[in-house]
1. Do you know which residues across region 89-120 are aliphatic (A, V, I, L, M), within 14 Å of residue 146 (Cβ to Cβ) and open to solvent by less than 30 Å² (accessible area, probe 1.4 Å)?
2. With the requirement that a residue be under 19 Å from residue 178 (Cα atoms), touching a strand residue (DSSP E or B) at 6+ places or on another chain (Cβ under 8 Å) and part of a helix (DSSP H, G or I), what does region 208-237 give you?
3. Would you point out the residue of region 130-153, among those that are within 16 Å of the ligand (Cβ to nearest atom) and assigned to a loop (DSSP other than H, G, I, E, B), that is farthest from the chain's Cα centre (by Cα)?
4. Quick check on my filter: what residues within region 42-78 are in a strand (DSSP E or B) and open to solvent by 20 Å² or more (accessible area, probe 1.4 Å)?
5. Select, from 164, 184, the only residue that is out of contact with any Cys (no Cβ under 8 Å at 6 or more places or on another chain) and in contact (Cβ under 8 Å) with a residue 24 or more places away in the chain.
6. Of the numbered conditions (1) under 16 Å from residue 6 (Cα atoms); (2) open to solvent by 40 Å² or more (accessible area, probe 1.4 Å); (3) of a type in the set (Asp, Glu); (4) within 13 Å of the ligand (Cβ to nearest atom), residue 39 satisfies every one except a single condition; which is it?
Amino acid sequence: MIDTHSHMFSTEYEDIDLALTRCKENGINKIILVGFSHDTNINAQKDSLKYDIFYPTAGMHPDEAGPDYLDKYNELVDFVSKNKVYAIGECGLDYHWDTTYKEEQKELLKLQCELAVKLDLPIIIHMRDATLDTYNILKEYKGKLRGVMHCYSGSLEMAYEFIKLGFYISLGGPVTFKNSKEPKEVAKNIPLDRLLIETDSPYLAPTPFRGKRNESSFVKYTIEEIARLREMDVKELDKITEENTMRLFNLVK
Ligand SMILES: [Zn+2]
């Protein structure tokens, strides 16, 4: 089993060794360790050198977008030229709390799309209250860019549109919440060869840990719920989502 989106940096988890032991006990054999700022990109590299289970990425989250977005981007370009990363991101658009730097967010996303194309790497997209703008930017790179819509919470209809652009749909803890209609709809219906699973730890812990600190071993609750919704065997679903992950991120066995 693979957690395709985790921020389980050792700087945030004092009990990292125990948390990783719980992962192994639950059959999690790989974790994509996602950076989202200069400091967390560095953390992802450091931890991946220390623990085999981690596969690091580097990106600039929309929260990093401000008047100095170009400096942030250049910092990222320099970083990925010196470090092995498996994806660009997370990056994207987030209009939920603050839209002051909407234009800078868009520019920073476009630059990272171009970087992913140039380096032939997948991109990890964060999208919150910005579906149409995100879609319109990604559409510009159709046929050249591949990636994942992380912790996807949009409609089934839009999920199909992102799939048409060459994207995978990743579902996290919210699919296990009783009242989350749309993620359950998406989980039930999207093509299996485009489905990924994740935790987004430390955020968005699945039921029965909702509201608590999340960790990669909890990804099993998410896959169990998706298997239940699709009336599938968990092992069979695990095999498929694992193959999808290996293909998208070019991981070697
Ligand atoms: Zn994240």
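1. Start the filter on region 89-120 by keeping residues that are aliphatic (A, V, I, L, M), which leaves 93, 108-109, 111, 115-117, 119.
Checking which are within 14 Å of residue 146 (Cβ to Cβ) leaves us with 115-117, 119.
Result: 115, 116.
2. The answer is 218, 219, 222, 223, 226.
3. Start the filter on region 130-153 by keeping residues that are within 16 Å of the ligand (Cβ to nearest atom), which leaves 130, 134, 147-153.
Okay, now just the ones that are also assigned to a loop (DSSP other than H, G, I, E, B), so 130, 150-153.
Details: 130: 17, 150: 4, 151: 7, 152: 9, 153: 12 Å.
Among residues in region 130-153 that are within 16 Å of the ligand (Cβ to nearest atom) and assigned to a loop (DSSP other than H, G, I, E, B), the one farthest from the chain's Cα centre (by Cα) is 130.
4. Initially, region 42-78 is screened for residues in a strand (DSSP E or B), giving 54-56, 58.
Answer for region 42-78, where residues must be in a strand (DSSP E or B) and open to solvent by 20 Å² or more (accessible area, probe 1.4 Å): just 55.
5. Numbers: 164 fails: in contact (Cβ under 8 Å) with a residue 24 or more places away in the chain.
Within the list 164, 184, the selection yields 184.
6. (4) is the only condition that residue 39 fails.
Here's the yes/no breakdown for (1) open to solvent by 30 Å² or more (accessible area, probe 1.4 Å); (2) on the phi > 0 side of the Ramachandran plot; (3) not charged (D, E, K, R):
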site: 133; (1), (2), (3): yes, no, no
site: 137; (1), (2), (3): no, no, yes
site: 144; (1), (2), (3): yes, no, no
site: 152; (1), (2), (3): no, no, yes
site: 167; (1), (2), (3): no, no, yes
site: 183; (1), (2), (3): no, no, yes
site: 189; (1), (2), (3): yes, no, yes
site: 197; (1), (2), (3): no, no, yes
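A quick yes/no check of all residues on (1) in contact with a Cys (Cβ under 6 Å, 6 or more places away or on another chain); (2) within 12 Å of the ligand (Cβ to nearest atom); (3) basic (Lys, Arg):
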{"residue": "11", "(1), (2), (3)": "no, no, no"}
{"residue": "18", "(1), (2), (3)": "no, no, no"}
{"residue": "29", "(1), (2), (3)": "no, no, no"}
{"residue": "35", "(1), (2), (3)": "no, yes, no"}
{"residue": "46", "(1), (2), (3)": "no, no, yes"}
{"residue": "55", "(1), (2), (3)": "no, no, no"}
{"residue": "68", "(1), (2), (3)": "no, no, no"}
{"residue": "78", "(1), (2), (3)": "no, no, no"}
{"residue": "96", "(1), (2), (3)": "no, no, no"}
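The values are calculated or read from the model by the stated rules, or taken from the named source; none is laboratory data. Quantities reported herein were computed from a predicted structural model and do not represent experimental measurements. Backbone-built Cβ (ideal geometry, glycine too); neighbour counts: all protein chains shown. These accessible areas exclude ligands, DNA and RNA; they are computed on the full protein's heavy atoms, side chains included. Shrake-Rupley method; radii C 1.70, N 1.55, O 1.52, S 1.80 Å.
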